[in-house]
Amino acid sequence: MTTTPDGSAAGLTVEGLTVAYRTARGEAAAVTGMSFHVAPGETYGLVGESGCGKTTLSRALGRHLPPNGAVTSGRVRLDGVDVLDLAPADLRKWRATSLAVVHQDAGSSLDPTMRVGPQLAEILRLRGLSRAGAREEVPRMLARVRLPDPASIARRYPHQLSGGQQQRVVIAAALTARPRLLVLDEPTTGLDATVEREILDLIWMLRAEIGAAVVLISHDLGLVGRLCDRVGVLYGGHLVEEGNARDVLAAPRHPYTSALLAAVPRLGESRHARRLAAISGHPPAAGENVAGCPFAPRCALADGLCARTLPRLEAAGTRHEVRCHHSDRLYHPSSAVDVQTPARLRDDPGLSPTAADPAPELLQIRGLTRKYGRTTVVDDVSLSIGHGQVLGLVGESGSGKTTLARAVAGLGPRGTGTISLDGHALPASLRRRDARTRRRVQMVFQSPDASLNPSHTVRTILARALHTLRGSVSPQELAARADLDGHLLDSRPDRLSGGQKQRVAIARAFAGEPDLVVCDEPVSALDVSVQAGVLQLLSDQQRATGTSYLFISHDLAVVGYLADRVAVMYRGQIVDEGPAGRVLQGPHHPYTASLVAASLARLGEPTEQDTGMVQPGRPTGPGCRFAPRCPRRIDGLCDSENPPVRTEGGDHTVRCHLGIGDLPRRAVPVTIGVAPGATEEKEDPSA
Amino acid sequence: MNAVTLPVRHATRPRFRVALGVGVVIVVFWAVVAVLWPHLAPYDPELQDPLHRFVPPGAGHLLGTDQFGRDTLSRMLAGARPVLQVAPPATALAVIAGTLVGLIAGTHGGLVDEIVMRVLDAVVVFPAIIAAVLLVALSGRSVTILVLVIAGSFVPIVARSVRAATLVEREKAYVEAARLRGEPSWSLMLREILPNVVTTVLVEATSRFGDAIFAAATLSFLGLGQPPGSPDWGASVSDNRLWLQLAPWTVLAPALAIASLVVGMALVADSLRGRWEAS
Amino acid sequence: MRRFLLRRLAATPLTLLAVSVLVFTATELIPGDVARTILGREASDATVARLRIQLGLDRPVATRYADWLEGFVTGRWGDSTLLRVPVRDLVLTRLGDSLLLGALAFVLLVPVALTLGLVAGVNHDHPVDRILSVSGLTLGAIPEFVTGVILLVVFAVKLRWFPASAQAPEGAALATRLGHLLLPALSLVLLCTGYVARHVRASTVAAVESPYARATELRGFTRGQMVRRHVLRNSTIPATSALGVQLQFLLGGLVAVELLFNYPGIGALLLQSATEKDLPTLQASAMVLGVLYMLIVLAADVAYRLLDPRIRLGAVAS
């Protein structure tokens, strides 16, 4: 370990940091006794769910807490400088020279009324450059973050850039000085999978170049594991586990880390093969002070000791520490959490509809087109869903997947094309659907907060649905089927956690025994530990009632877990559709391949899939819509002629100019790629 | 994902409580005066005393007398009633009508909304004061006309706020869920949306009440208020302004009375808005 | 943006038409016979009948409206029945005087309101902000004629710094005229400052607490630099629409202020023609004020959209 002249370690050292907020109910600690060290050039990942204190920590590192927050004890040192001791003028100088912070939602960290160039130039001027020098340097800064045509980017306003481009600009701004500490606070949350991949690649490349201590804060354990050298897991304001990324992810020693890993569906894993291990309850709210171990209320291993005494952070291996009284009882995630998987689920043929056994069709969509103004959002889409089948629909934001789903439910703009249910035409407008049809098609929405009327109790919400949909059970029974505690019936939604709200929304959708439930990103707003429970509920409800789902998500693994068939949507068109396993495995569309790669590949390994920038705007001319970003593009063909729809194995269709034999595919079955030897195989064009 | 939920400083800060308290005391004071002034006024406000015209404030007449020798204090106390006869019914009318219009336009959307909003736009663009001058001058002075004119000019304001709030709610998933299961539109409007725009309605009600007092006072100043001869504050300012140099107290007393009532109401409205919108 | 402009411009004549219908209908609502009202109770029935024909009151409402509208558009506004002078000269002269008063008030209002709002917003939740916010709120709630009276008593009666009448002697220099107009303008400014400052404060607070302002501080800029470079523009742009609203209030406030300060503007003319039932003057001054209102609303809308690059360059639907 290198040291600074005064003897302390180089890099970032946090010692016993405690941050508290003044609230109406007194002081509430958001971060308690946090200690960790990040060497220069090292990447340290901090993982945690909402309310665990990670945002507070990131703000404390830059000494930029909100007015009612304060560091009550502990130190933050960077290369020997005590950050919390700096006088205001020195703090400014320290921030200008040593600190760089990149936040979630880059768009909002840029002044919306100022062009990108001047915003960057202003930072360069602060670093002492002349006006002309700054102007000259700006394009170089933008080129450094691999933005094409930097001169044109510099002339644009932030809103004229895509989310990924905005994030690159913010990273460029962060790197104007040679920072000693780079804090990345959820830098890719809200970005599409392929764009996220590009940004992470960029960070990976730059981190070696700048040699700073990097702190990456994220809710995504897999992402942190792929990018970081070391990982710290936060829960309830405490560091509960810390160690080398590979060790923590391969052999977690804290029940929370272990449960978190077991709660995430892995790519290619199906609900027919494994039950997700949901963690009961929900994370403590920010500032909720608990005596004892914060995870105890949700922990399978907890006993009286855990409830009374907060465990100390103790060594559990080489550079691996864990804060648990019972870490010796936990070795492998599956042994501790995966116990509830009923064996019969694994290979019960009746429960897993296969391609060889096509279910009779419930929903048929033919040539559906929907426009917002002059923009075609859904373009001539045809799809069908069988009885008792789950169709997963994946695509990035703006692909039209939500518009398509809403059209099935009878919401959104009108357009052309037909939808039929059991062979009978389904009117496009909700007003013209009769009571019986409305009862048959219901929907679960994305945002748990907006899904439920804040003025009604859960009982009223369910009773209204039972009344209008002519359900035959009581609200209590309906709630019980969704694993909701009876005592919640008389609460209003603001007393419910996100997961509970979504359970109420699911119960409501099932009030009238529907044939088809449209699920629009039902788990994307939930914390990872809660998401598993809701996915499991959806899966159980499906199994119990035989209802069909149109299930939408941007997360390939989630879709793959729940769906029997998967459709991939790109810019309004279905480019790939077929049985879940075959779509994920290939041969599949190059875009599907890029989605699979984005969720699996290890960083720092340039892949063939080097996609270009997402260009704003929609090409309306002929040619494949994916062509501008496609690594397999055939110049002169893909950009000028519409691709044909190719059929593979009878019921798998791909919209591509490449022949089935030339389509990308994965060499080995897909699973998550952290453990050694797992899955970083490149696509094999020859297969 | 990961909504940053930092604990926010609590909404009920002391300044809200102080402002609310001061405001409530002022408004309640004038409300009591409006009812009980016959017992509080030292003189009959209409009693003319030609021998004691323009008496400066002093022992006999605390706030002096006017050109007819009428007691300024008594007239000021009596003047609370006309304003408070007009403002509450006008506000109630405007809030009820505006809320209904806003709810209907916002819930239905489409053509209904388009037509309602274009009509409201035209009305809003037409300056309320001009409308008031036109209507009151031409159709005669009466409490009813005054209430209708003030209410009418506030309806578009209330309707627009309620419509805006309704549009926000209408897009939320809980309303779409209700539409999906086939709730009729009156049920969407009254059962689903109305409870969630109540804050907006309450904020509008308090703000419009202050504005109604303002409008009633201004109209009576312009000579468009209640029938002549009433001790109306606005009218008193207007009548006595000719003797401003000679007897400024005759103008200042009703002016300060208006000022205190509107300021009191503004303090109440602002504090309540801060509290409701934070919750 | 271009589409927005075209749509707004296309909508303007329609709204004006609506205004004209309102003005015409309102003047039609006069209870009793207009001719009788004008001539008084003693006039003979024959005289009244002659005036009715002269005024065209015997023809259908739609015809009279069409004639009246055509006359207004082509500039034939008729003669004042009260002052016996051409309405057009009368209304336009009075309008000019009112605009002078309004312009003075506006010129005073903008810098004062922006400064107060910015100072309050940058220091939000400090005592400075509380004092400014409560006083802005208080002043904005008081009718302009009440503040006018207080200003008059203090500055014209007690201190004698300013004249009590807003009307300068005939042929006075502009500076003298403005001196006479200062008190009435001030009472309008006091009415509007609170509202505009409140909006500026709100958008300033939003800008100061925004992620981009926070990012600026984290990059090592001082708070002053952050306010100058990022907060100023972001907080004043939304204020343009608040200014538009206040300009309308200002125009409405003219009626009371002109009456209080004996200033012969268009507001006073409107009031006088209404109480004296001088229909041609009343219709013309109401229409002129209506048009002025429309233009102000339009200008504020367009200015706001031109200033904000997100709307100008089409990221946000207008």
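Take the conditions (1) without any contact (Cβ under 8 Å) to a residue 24 or more places away in the chain; (2) of a type outside the set (Asp, Glu); (3) crowded, with 22+ Cβ neighbours inside 10 Å; (4) at the interface with chain B (Cβ under 9 Å from one of its Cβ atoms); A:Ala509 misses just one of them, which is (1).
The criterion of at least 2 residues that are more than 14 Å from chain A (Cβ to nearest Cβ) and under 27 Å from C:Ala10 (Cβ atoms) is met, among helices (runs of 4 or more DSSP H) falling completely within segment C:205-313, by C:239-260, C:279-307.
Residues are listed down the side, and each one gets a yes or a no for (1) within 13 Å of chain C (Cβ to nearest Cβ); (2) more than 30 Å from C:Ala10 (Cβ to Cβ); (3) surrounded by fewer than 17 Cβ atoms within 10 Å (Cβ to Cβ); (4) under 23 Å from the mean Cα position of the chain (by Cα):
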position: B:Val86; (1), (2), (3), (4): no, yes, no, yes
position: B:Pro89; (1), (2), (3), (4): no, yes, no, yes
position: B:Ile96; (1), (2), (3), (4): no, yes, yes, yes
position: B:Leu103; (1), (2), (3), (4): no, no, no, yes
position: B:Met117; (1), (2), (3), (4): yes, no, no, no
position: B:Ile129; (1), (2), (3), (4): yes, no, no, yes
position: B:Leu134; (1), (2), (3), (4): yes, no, no, yes
position: B:Ser139; (1), (2), (3), (4): yes, yes, yes, yes
position: B:Ser142; (1), (2), (3), (4): yes, yes, yes, yes
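Selection over segment B:204-246 of residues that are among the aliphatic types (A, V, I, L, M), more than 10 Å from chain C (Cβ to nearest Cβ) and not in a helix (DSSP H, G or I) gives a count of 0. Here is the figure for segment A:433-471: residues that are basic (Lys, Arg) and either buried (at least 24 other Cβ atoms within 10 Å of the Cβ) or part of a loop (DSSP other than H, G, I, E, B) (or both) total 2. Within the option set A:Asp82, A:Asp111, being touching a helix residue (DSSP H, G or I) at 6+ places or on another chain (Cβ under 9 Å), modelled with pLDDT of 90 or more and among the acidic types (Asp, Glu) holds for one residue only, A:Asp111.
Of all residue pairs spaced 6 or more apart or on separate chains, those with beta-carbon atoms under 9 Å, a first member in segment A:527-545 that is within 14 Å of chain B (Cβ to nearest Cβ) and part of a helix (DSSP H, G or I) and a second member that is crowded, with 24+ Cβ neighbours inside 10 Å and of a type in the set (Phe, Trp, Tyr) are A:Ser529/A:Tyr256.
Can you tell me which residue among C:Arg223, C:Arg219, C:Arg305, C:Arg310 is in the same structural domain as C:Thr147 (by TED's automatic domain parsing) and out of contact with any helix residue (DSSP H, G or I) (no Cβ under 6 Å at 6 or more places or on another chain)? Just a single option satisfies the conditions, and that option is C:Arg223. Here B:Ala11 passes the criteria (1) within 14 Å of another protein chain (Cβ to nearest Cβ); (2) at pLDDT 80 or above except the one numbered (2). Of the residues A:Ala597, A:Ala567, A:Ala593, A:Ala505, the single one that is in a helix (DSSP H, G or I) and closer than 30 Å to A:Ala465 by Cβ is A:Ala505. Checking each residue in segment A:128-148 for being in a loop (DSSP other than H, G, I, E, B) and charged (D, E, K, R) picks out only A:Arg146. Flag not set for A:Thr416, criterion: farther than 30 Å from A:Leu526 by Cα and assigned to a helix (DSSP H, G or I). Pairing each residue of segment C:13-25 that is facing another protein chain (nearest Cβ under 9 Å) with any residue that is in a helix (DSSP H, G or I) and of a type in the set (Gly, Ala, Ser), provided the two are 6+ apart or on different chains, yields C-beta distances under 6 Å for C:Thr15/B:Ala122; C:Ala18/B:Ala122; C:Val19/C:Gly290; C:Val23/C:Ala286.
In segment A:153-172, the residue that is surrounded by the fewest Cβ atoms within 10 Å (Cβ to Cβ) out of those that are free of Cβ contacts under 8 Å to residues at least 60 places away in the same chain and of a type in the set (Gly, Ala, Ser) is A:Gly163. Which one is nearest to the other protein chains (Cβ to nearest Cβ) among residues in segment C:113-153 that are outside any helix (DSSP H, G or I) and over 26 Å from C:Gly179 (Cβ atoms)? Here the residue is C:Asp125.
Could you please let me know if B:Val123 is surrounded by fewer than 17 Cβ atoms within 10 Å (Cβ to Cβ) and either within 14 Å of chain C (Cβ to nearest Cβ) or on the phi > 0 side of the Ramachandran plot (or both)? Taking the combined requirement at face value, the residue does not satisfy it.
Only one entry of C:Leu183, C:Leu178, C:Leu174 meets the criterion of being within 14 Å of chain B (Cβ to nearest Cβ) and either surrounded by fewer than 23 Cβ atoms within 10 Å (Cβ to Cβ) or touching a helix residue (DSSP H, G or I) at 6+ places or on another chain (Cβ under 7 Å) (or both), and that entry is C:Leu183.
Scanning segment A:61-118 for residues that are at the interface with another protein chain (Cβ under 7 Å from one of its Cβ atoms), under 14 Å from C:Phe221 (Cα atoms) and of a type in the set (Gly, Ala, Ser) returns A:Gly62, A:Ala96. Has segment B:150-169 got at least one residue that is under 19 Å from A:Val504 (Cβ atoms) and either buried (at least 20 other Cβ atoms within 10 Å of the Cβ) or in contact (Cβ under 8 Å) with a residue 12 or more places away in the chain (or both)? Taking every residue of segment B:150-169 in turn, at least one turns out to be under 19 Å from A:Val504 (Cβ atoms) and either buried (at least 20 other Cβ atoms within 10 Å of the Cβ) or in contact (Cβ under 8 Å) with a residue 12 or more places away in the chain (or both).
The values are calculated or read from the model by the stated rules, or taken from the named source; none is laboratory data. Remember, it's a predicted structure, so these values are computed and weren't measured experimentally. Backbone-built Cβ (ideal geometry, glycine too); neighbour counts: all protein chains shown.
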